[in-house]
2 protein chains.
Amino acid sequence: MACTEEPPEKHCWVCFATEREDRVAEWVSPCRCRGCTKWIHQNCLQRWLDEKQKGNGGGAVSCPQCGTEYRIVFPKMGPLVYFLQQADRALSRASPFAAAGVVVGTVYWSAVTYGAVTVMQVVGHKKGLDVMERADPLFLLMGLPTIPVMLVLGKMIRWEDYVVRLWQRHSAKLNGLVPGLGRTLPRMPTDGGYGGDHVSVSRTLCGALIFPSIANLVGRLMFRRVTSNLQRTILGGIAFVVIKGILKVYFKQQQYLIQANRHILDYPAREERADDHSEEDNEDSGNE
Amino acid sequence: MACTEEPPEKHCWVCFATEREDRVAEWVSPCRCRGCTKWIHQNCLQRWLDEKQKGNGGGAVSCPQCGTEYRIVFPKMGPLVYFLQQADRALSRASPFAAAGVVVGTVYWSAVTYGAVTVMQVVGHKKGLDVMERADPLFLLMGLPTIPVMLVLGKMIRWEDYVVRLWQRHSAKLNGLVPGLGRTLPRMPTDGGYGGDHVSVSRTLCGALIFPSIANLVGRLMFRRVTSNLQRTILGGIAFVVIKGILKVYFKQQQYLIQANRHILDYPAREERADDHSEEDNEDSGNE
């Protein structure tokens, strides 16, 4: 209120100097403000703008009091500078997409390589190379990366969980039909962790990628008499999936039974020690 | 307070049923609680535990009132189940590391491939293949991935920024020594964005990876008479770096000068339009 009237001489609202104190300084009245905030030194406002625009040199800045946007003029830039600025901006805008392309390319190329290695592992080194050399390159570039994708998708089919759930749902009926197969459960555990546990991304990925090697190894161990590399690896893969599935179903079912048969005990020796309650407390806090 | 005395008959604090209402139910007193929270049905406590342990079947649960940890016993698991449990845990623990290994392997393999492609690009396709076939495989597996690493590290040396900063620091002295080279700046802009702007990771990566292709292209365009592929690409690379550096220094210096010469204007036609203030306000809000 004391400042609505214009003071008798110019007065900078940043450095508080008056017109008389510095007669060469350039003054500017950049906004709609009146009174004692009307005038400011050009240099003081420039410093204040630098502070406000820290980092980005082109942002609009308004007067904090009246909200008027300051009108900042720049010297005209030459055509070369303008071209360089546009090129710089275009590169800055394009680089995230280019980087994403690099990442996609990296993953794609690794998938192609993995596919080629897998083909050689499954049909044999020499035959695999022959097959790939004879194939259409475009077909290879499309087909090879689908091998790891298919393996991961296949690994995501959790058929063992389905078998376990089916078993649990029908175990009561089975008990009735086949005597001695199971006993009546004291309780039904909740479905948290026994039917289907949480799917770990890293485990699915690694399991899928190592599967051809395991299939090859199991084939070599179990089907030595099969001469065809392809047949042996496929048989090995099937054998591994079946054995692992049976073990997994058995394990899940046992976990389910263990949970179903859990029992909560009475607090020990309660009646006898009711008199020395404080001592009991100390012991327990020591044990926990 | 009403509950410190033990009631005359057992009373479940979950379902509120008394001993008389269900004579076959199993009772348990699992904690140090007395009075009306001493007894609970085994089944009610099991359901309550299931709720508490949701998701993880093995966590410890304590009485919400006295804090005593419930003593839960499970049937003994057979050796096969124990082995399967340990194997499952080991796999779960190892899988994040294995997945990290897959990622590292993917990046490594792409770096090897990029290195090989770059060698072929720089020394020529046929000669590059010859060189790599004659080289020690171990040396190739170690040396090829260092090519993209070196390119990225080289790209991170921002010598142009250094030149710009040097120029700006000594421009006052230069003005004195060489008349007419520059004029005195009205102000010194802050160092935000003109000396060294923020380093974009994606731009550095992409710029580094595309550099050999650009060097090759510039070499082919500018040094057609050089017959050696290697020499031509190296010359092309040097020419590109020098030209780009000069343009960058020029651009940064111009940006610096533009900022140094910015000027803030007075609010337009202030004095003349002081009488019709309301109209002026309306016009301005329409323009903004």
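The values are calculated or read from the model by the stated rules, or taken from the named source; none is laboratory data. Keep in mind that this is a model prediction, so the values were computed, not measured. Heads up, the Cβs are rebuilt from the backbone with ideal geometry, glycines too, and the neighbour counts pull from every protein chain shown.
What the table below lists for this structure:
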{"item": "Unique residue being part of a helix (DSSP H, G or I), of a type in the set (A, V, I, L, M), within 14 Å of chain A (Cβ to nearest Cβ) and within 21 Å of B:L230 (Cβ to Cβ) when the list is B:V112, B:V164, B:V107, B:V122", "result": "B:V112"}
{"item": "Complete set of residues in the range A:214-227 that are of a type in the set (S, T, N, Q) and exposed (fewer than 14 other Cβ atoms within 10 Å of the Cβ)", "result": "A:T227"}
{"item": "Among (1) closer than 25 Å to B:K252 by Cβ; (2) of a type outside the set (V, I, T); (3) without any contact (Cβ under 8 Å) to a residue 12 or more places away in the chain - the single one A:R47 does not satisfy", "result": "(3)"}
{"item": "Qualifying positions in the range B:29-46 - outside any helix (DSSP H, G or I) and under 53 Å from the mean Cα position of the chain (by Cα)", "result": "B:S29, B:P30, B:C31, B:R32, B:C33, B:I40, B:H41"}
{"item": "Members of the range B:71-106 that are touching a Phe, Trp or Tyr at 6+ places or on another chain (Cβ under 9 Å) and surrounded by 13 or more Cβ atoms within 10 Å (Cβ to Cβ)", "result": "B:R71, B:V81, B:L84, B:Q85, B:D88, B:T106"}
{"item": "Of the criteria (1) closer than 29 Å to A:W109 by Cα; (2) touching a helix residue (DSSP H, G or I) at 6+ places or on another chain (Cβ under 6 Å); (3) without any contact (Cβ under 8 Å) to a residue 12 or more places away in the chain, which one B:G115 fails", "result": "(3)"}
{"item": "Single residue of A:Q53, A:Q85 found to be closer than 25 Å to B:Y256 by Cβ, at pLDDT 85 or above and facing another protein chain (nearest Cβ under 8 Å)", "result": "A:Q85"}
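For (1) under 36 Å from the mean Cα position of the chain (by Cα); (2) within 14 Å of chain A (Cβ to nearest Cβ), each residue gets a yes or a no:
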residue: B:L209; (1), (2): yes, yes
residue: B:N216; (1), (2): yes, no
residue: B:R225; (1), (2): no, no
residue: B:Q231; (1), (2): no, no
residue: B:I234; (1), (2): yes, no
residue: B:I243; (1), (2): yes, yes
residue: B:K248; (1), (2): yes, yes
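Conditions tested, residue by residue: (1) at pLDDT 90 or above; (2) closer than 30 Å to A:G124 by Cα; (3) not in a helix (DSSP H, G or I).
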site: A:H198; (1), (2), (3): no, no, yes
site: A:L205; (1), (2), (3): yes, yes, no
site: A:I214; (1), (2), (3): yes, yes, no
site: A:V218; (1), (2), (3): yes, yes, no
site: A:L257; (1), (2), (3): no, no, no
